[in-house]
Every structure is written in structure tokens, then in C-alpha cells.
1. Dipole magnitude of the chain about its Cα centre, charges +1 at Lys/Arg Cβ and -1 at Asp/Glu Cβ only, in debye to the nearest 20?
2. Share of segment 219-260's accessible area from carbon and sulfur, percent, 1.4 Å?
3. Treating each Cα of segment 273-392 as an identical point scatterer and ignoring solvent, apply the Debye formula and state log10 I(q)/I(0) at q = 0.10 Å⁻¹.
4. Just want the answer: with Cβ charges of +1 for Lys and Arg and -1 for Asp and Glu, which residue in A102, Q205, P238 is farthest toward the dipole's positive end in the chain?
5. Along the Cα-to-C-beta direction of L172, a point sits 7 Å from the Cα; which residues of segment 329-360 have their amide N less than 18 Å from that point?
6. Mind grabbing the accessible area of R200 for me, 1.4 Å probe, Å², rounded to tens?
7. If exposed GluC sites (Glu not before Pro) are those in a DSSP loop with at most 15 other Cβ within 10 Å, what is the longest stretch of the chain that has none?
8. Could you check the spin-label model distance between A54 and K84? Points 7 Å from the Cα along Cα→Cβ, value in nm.
Amino acid sequence: MSNLDETPRANRLHVAFFGKTNAGKSSTINAITGQEIALVSDVAGTTTDPVYKAMELLPVGPVVFIDTAGLDDRTALGRARIGKTDEVVDKADIAVFVINSADQDLGPEQEYMKRFQTKKTPVIIAYNTFGGDGAGVAAPSGENTVVIDAKTGRGIDALKEMIVRNARDYELPSIVGDLAKKGDSVMLVMPQDIQAPKGRLILPQVQVTRDLLDKGCRVISVKTEDMVSMLGELKNPPRLVITDSQVFQYVNEHLDKTIPLTSFSMLMAKYKGDIEEFVKGARAIAGLKPGDKVLIAESCTHHAMKGDIAREKLPGWLEQFAGGGLVVENTAGHGFPENLGEYKLIVHCGGCMVNRKNMLSKIEHAKNAGIPITNFGVAIAFLNGMLSRVSY
């Protein structure tokens, strides 16, 4: 059972471990954490799907360590496992390659290192000596290269220091950014419909509230139907109004146009991804025509209910705008379908369940395929003719 007070995985630094089968990846993670987190065995291919472990790494703070399958497993099942490893490449903030110090063939590792170099992801190389003294290990010099012994713990402290050093530049920006400052009153308009779990708020609402409180803002939370009466009771108007994208139109109609307006999804678009790319992608909606294929992507899986934003509302609004039926497909998870080039547009959710690196990788995949990409909130703002009205 997860602790409800934990930092969400999506907001943690992702440190992923890569290497061949039996290179000592799992043993290295266990040595770093001081816990038996990853299963260790002499049998090749013990690690199948990636294993995630959230913990605190001082002085960095909350991190998640990811143990992946061997890069050299070329069996039919192994190829499927490597597919899962490829998904980790898109979300790793730091990549640690654990290499058997006696291994002379580093082809698979070098292939993956090139991919991280393209993504400008820091790479650390740890040569594992398996109980030896490390003498004669042909480990190239470099500030991100270290010789370790995962069994005895030799070199593990140096490896930790490398992770910490490479994590120094990792700091998530404020979700609200410069739209609000200390002392500002901010109104959150939050419809409690089927999208909101019973007894709880959805994650973006929670995260925006915490961000505003950390800034020293005064937060006023209301349901949609209570917004107008609350505005009338306030002595001074709020400095900013943040709403659910689905009620953009209603909120805008009942709000003084001098008050800045945005949505939780618009804020998440900037916080997790590339807002300018999303805005450009939203403008591509104008070119949709009947029969075009559109991908609506979500980063998490959930039981779809009547009135679901991704499966009913957005497809309906897009088809209405396009003047006829579209071929709309839905996907959920951390990756994209292989046939990405078949789509005219990708509309992604706010991405509250994935880290920023993963969302930026998704945007990059879309750009490489030449497919416009936007997110729910930005798309809804465009469909309502409000892109010039909303703030981000």
C-alpha cells in the first residue's frame, strides 16, 4: 500500500539502471539503498518488467530508482522486456550503466548511451568487479565513471556522489509560475463530476493548491455552481482564476475579463511539457476534416464512465469542429503506438502521472513523426475560441 503523504512518483527524480543480464544492476541498487529492493539471482533474466522503488536520497530528496531487464536478452520474451526498457529511456532523468568489468563487448550499452546523449540525459558508468579488487579494469577515465563492487559495497559511496552531482540541476518549476505571487488571492473552480474520485480531489487540483500555498497565496476553492456567488462575496476580485478546462466557457462568461483565467490542464501543459508546442498543436485542429485519424492519449489507466472526457466529450467536440466524423483512437500508458505517422493530431492529457522527462520525450516522438501534439486543456481552449483569453 502506498503512503498518501508520499511525493508522487511523477514528481521524483528518475534514476534508471541499465546493463546486460547479470551485470549486477539489481545488486547495485540494493547496495545504494541498503535494502533488498531488487531481486538478485545468478539466473539470467531475473528482472523482467522494470522495478520501481521510491525513496529519499540525501541531499537530493525524493527519487525513484528503476531496475531494468538485461539489454542483451534477444529471446522472444526478452525483446518484449527490452520494449519495456525502452519506455524507461523516455522517462530517465539520470541513466546509470552497470557493466561487468570483464566484459569486452559494450555494443548494447553504447547504443543506449547514444540515445541518452541525444536526449541530453546525464549518463554514469559503473564497472562492477564482482568481488575483485578492480586491478587492471579497463575503465575509461571521466567524472561520471566509477569502479564498484556491488557485493562488498566498494565504490558505492562514490557512485552515490555522482548521482547527487548530476541531480543538482534537477528542480521542478512552480506549477503556477509567475501567474500568482505571495499575498495574491486565487480562486479555484473545481466541478465535482465523474472525473473526481469520491471523497478526493484529482491530482492536478491537489498539486496546484499546494503550489499556491507554498507561494504564500490565499486559495479559495469553489464548485462551478458556487463561483458567481463567491465572487459577489469577495471584497476584492481574485488575482487569478484557475478552472477545469471543461467549464472554461461558463467561467469565462461569468468572470470579469480583467481577471486572468487559466485551467489546471493548461498549467500542467507548461509544468510537464512544452506549452508553446501544445499551443501550436492546438491550432492544427483547424485543419481537421471528416475521416482524419486522431489519437487521444492518457498517461494513466482508469475505468471509463459515461461522459468521460477522453472517450466521449473530446471526440464529440473535435468531430463537431471538423464538421463530421473523425477516426478517434484512445491509448493509455507511458508510450505511443508504433503507427504514430497515421494520425493527423495527438491530444494528450495533462500528464499528472508521468514525469516531465517522459512528457518531453513524447513531444519529441510526435515532432519526429511530423504529427502536431497538444493537450486536453489547450485543445479545449482552442475549441472554445479562448486561446488568446487564457493565461499561461
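The values are calculated or read from the model by the stated rules, or taken from the named source; none is laboratory data. The structure displayed is predicted, hence computed values, not measured ones. A quick note on method: Cβ atoms are made from the backbone with ideal geometry, for glycine too, and the neighbour counts reach across all protein chains shown. Note: areas computed on protein heavy atoms with side chains; ligands, DNA, RNA excluded. Shrake-Rupley method; radii C 1.70, N 1.55, O 1.52, S 1.80 Å.
1. Using only the charged Cβ atoms, the result is roughly 760 debye.
2. Details: 1120 of 2270 Å².
Ligands and nucleic acids excluded, carbon and sulfur give 49 percent.
3. Log-scaled intensity ratios, in q order: -0.26.
4. Farthest along the dipole direction, towards plus: P238.
5. From segment 329-360, the list is 334, 349-360.
6. Number for this one is 150 Å².
7. Longest gap between qualifying sites, sites excluded: 172-337.
8. 2.0 nm
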